[in-house]
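I have placed the structure first, in the form of C-alpha cells, so that the comments after it can refer back to it.
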Amino acid sequence: MLKTHSLIEPQDLSVEEIEELFTLADDIKNRPGLYINACEGKLMGTLFYEPSTRTRLSFASAMNRLGGRVVGFSDPGSSSVTKGETVADTARMLSAYADIIVMRHPYEGAPKVASLYSDIPVINAGDGGHNHPTQTLTDLYTMHTVFGRTSDLTVAICGDLKFGRTVHSLIQAMSRYENVRFILISPEELRVPRYLRQFMKDNKVDFTEVEKIEDAIADCDVLYMTRIQRERFSDESEYERLKDFYVLDGEKMKLARENMIVMHPLPRVKEISREVDYDPRARYFRQARYGMFIRMALILKLLEVGYQPKQTRLTPTKYHCKNPRCICNLENEPQQMMEIAPNEYRCLYCDYTVHIEE
Ligand code: NCD
C-alpha cells in the first residue's frame, strides 16, 4: 500500500514505490485483459481548470481501460468556478461523489489545497509552472523501459526550465537516483527557479548549466526537450523573442550518441523539427503511450489507499507568500510559510522562497 493519500509532488512517492508502479505498469502493458474490471464501480472526477489534451485523455483512457468511469469538466467556464467557488470547496464536494480526483489548475499549489480538504485521493495533473508529477512518472517509466534503469544517466533538459513544470518535477524525482547528472540547457532568462537550484545544491546533485544544445548533445543519454511556456509569460514580446531559441534538427542529431533518446512531454511547437520524428532515437510519441500504463498503475494503487476523512484547520503563519500565482493568495487559504534556513521561508503550497530580515 502506498504511504501517501495523494500525489501532489514527485517526492510523495518513494523510489521503492515508483519501482512498484513500474512493475505493475509492465504487467498491465503485457496482460491488459487481467485489469479490465479492476476499477469496476469506481468513479474518477477530472477537474481541468486549464487546457489539456494528452493528460486528460490519458487519465480518462486509463480509468476506462480499468473498467471505471469518469466525470468532470475540461472547461471551468461550465462549472461553479465562474460563481466563485474555491478549490477547497470543490474538492470537498467532489469527495462526496467520486473515488479519486485528478486536477489541473493554472495556480500553483491548487491540487495541494484540494488534497488538504478532500477525503479521496487527489492527483496533481499540473499546477501552473510548478509541478507535474504524473508526467514525471511517464518520463521515468520511459527511461526504465528503454534503458532498464533510471540511475546512471546523463539527462540534458532543454528549453523553458523556469516555467516548465515537467522539468521541475523530473529534476526533483531523478535527484534521488545514483549517478544521475543533469545538463540544463536554457537561455539566461529561462533558467531553473531559485528553489530548485537550492534543492540540487542541498542534495549534492551533479548539474551544469549551458546555453546551447551543441554544448550537451554529445554527452547525454537523454535529451529532454520542452516547449517555451507561452501562457506563463507576463510580457508577450519576451515570449516572441525567446520562442524559437531552440530547434533540434537532423544536423544537431548527428552529434548525438547512437543509443541516446529524445524525449518531450508534448505538445511540441517548433523546438523539434519534424525530420527528427523519423529518427529511431525519437521517443516522444511512445512516451505518451507509456504515460497511460503508468497512470493505470497509479490509479489502482491510490484507490487501494481510498477514503480518508479530512478535517483540516491550518493555523496561518506570520509571513506571506509573495508569489502572485500561488493559490493561497488567490483564494485566501491560510498562509503556510515554513522556515527552511535562518531568515529563509518557503511556501508549503507553491515552494516559492522568500528571504525575510526583520
Ligand atoms: C506538459 C504540461 O502540461 O506541462 N504537457 C503535458 O502534460 N504532457 C508540457 C507542456 O505543456 O509544455
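Within the range 294-317, can you find the residues that are of a type in the set (K, R) and modelled with pLDDT of 95 or more? If you could, list the steps in order and put the result at the bottom.
We begin by selecting, within the range 294-317, every residue of a type in the set (K, R); these are 295, 301, 310, 313.
Those that are of a type in the set (K, R) and modelled with pLDDT of 95 or more: R295, K301.
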*Run down Y97, Y117 and say which single residue is surrounded by fewer than 24 Cβ atoms within 10 Å (Cβ to Cβ) and out of contact with any Lys or Arg (no Cβ under 9 Å at 6 or more places or on another chain).*
Y97
*Taking the condition under 18 Å from A297 (Cβ atoms) and either among the hydrophobic types (A, V, I, L, M, F, W, C) or in contact (Cβ under 8 Å) with a residue 40 or more places away in the chain (or both), does I101 pass?*
yes
_Subset tally (residues that are in contact (Cβ under 8 Å) with a residue 40 or more places away in the chain, closer than 30 Å to Y224 by Cα and loosely packed, with under 13 Cβ neighbours inside 10 Å) for the range 288-342_ = 0
_Being assigned to a loop (DSSP other than H, G, I, E, B) and modelled with pLDDT of 95 or more is the requirement here; does S151 meet it?_
yes
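Go through the range 22-80 and give me each residue that's closer than 20 Å to G129 by Cα and of a type in the set (A, V, I, L, M, F, W, C). So that I can check it myself, show each step before the final result.
Step one: filter the range 22-80 for residues closer than 20 Å to G129 by Cα, giving 46-56, 74-76.
Selection gives L47, F48.
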*Is it fair to say T23 is part of a helix (DSSP H, G or I) and of a type in the set (S, T, Y)?*
yes
*Residues that are of a type in the set (D, E, K, R): find the strands (runs of 3 or more DSSP E) completely inside the range 297-358 holding 2 or more of those.*
344-347
*asked:* Among the residues of the range 275-296, what is the count of those that are among the acidic types (D, E) and in a helix (DSSP H, G or I)?
replied: 2
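For the range 26-57, enumerate the residues that are of a type in the set (G, A, S) and assigned to a strand (DSSP E or B). Walk me through it before giving the result.
Going residue by residue through the range 26-57, those that are of a type in the set (G, A, S) are 33, 38, 41, 45, 52.
Within the range 26-57, just G45 meets the criteria.
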*Pairs under 7 Å by beta carbon, first residue on the phi > 0 side of the Ramachandran plot in the range 164-184, partner at pLDDT 95 or above and in a loop (DSSP other than H, G, I, E, B), six or more apart or different chains?*
N179/S151; N179/D152
*Counting just the residues of the range 120-129 that are of a type outside the set (A, V, I, L, M) and more than 10 Å from the ligand (Cβ to nearest atom), which one comes out surrounded by the most Cβ atoms within 10 Å (Cβ to Cβ)?*
N124
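The rows are residues; the columns are (1) within 14 Å of the ligand (Cβ to nearest atom); (2) at pLDDT 95 or above; (3) buried (at least 16 other Cβ atoms within 10 Å of the Cβ).
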residue: P10; (1), (2), (3): yes, yes, yes
residue: S14; (1), (2), (3): no, yes, no
residue: I18; (1), (2), (3): no, yes, yes
residue: T23; (1), (2), (3): no, yes, no
residue: I28; (1), (2), (3): no, yes, yes
residue: K42; (1), (2), (3): no, yes, yes
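Take the range 199-230 and flag every residue that is within 30 Å of E339 (Cβ to Cβ) and surrounded by fewer than 17 Cβ atoms within 10 Å (Cβ to Cβ). Explain how you work it out, then say what you get.
Going residue by residue through the range 199-230, those that are within 30 Å of E339 (Cβ to Cβ) are 199-207, 209.
Within the range 199-230, K201, D202, N203, K204, D206, E209 meet the criteria.
In the list A62, A114, which residue meets the criterion of being part of a helix (DSSP H, G or I), of a type in the set (A, V, I, L, M) and within 16 Å of the ligand (Cβ to nearest atom)? Break it down into steps so the answer makes sense when it comes.
On the way: A114 fails: within 16 Å of the ligand (Cβ to nearest atom).
Going through A62, A114 in turn, the sole match is A62.
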*Looking at F285, is it away from the ligand (no atom under 11 Å from the Cβ), among the aromatic types (F, W, Y) and surrounded by 13 or more Cβ atoms within 10 Å (Cβ to Cβ)?*
no
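I need the helices (runs of 4 or more DSSP H) fully contained in the range 156-243, keeping only those with at least 2 residues that are more than 16 Å from the ligand (Cβ to nearest atom) and either within 16 Å of the chain's Cα centre (by Cα) or farther than 26 Å from C321 by Cβ (or both). Please lay out each step first, then the result.
Working: elements: 165-174, 194-202, 236-242.
The qualifying helices (runs of 4 or more DSSP H) are 236-242.
The values are calculated or read from the model by the stated rules, or taken from the named source; none is laboratory data. Since the model is a prediction, treat every value here as computed from it, not as a measurement. Note: ideal-geometry Cβ built from the backbone for every residue, glycine included; neighbour counts use all protein chains shown.
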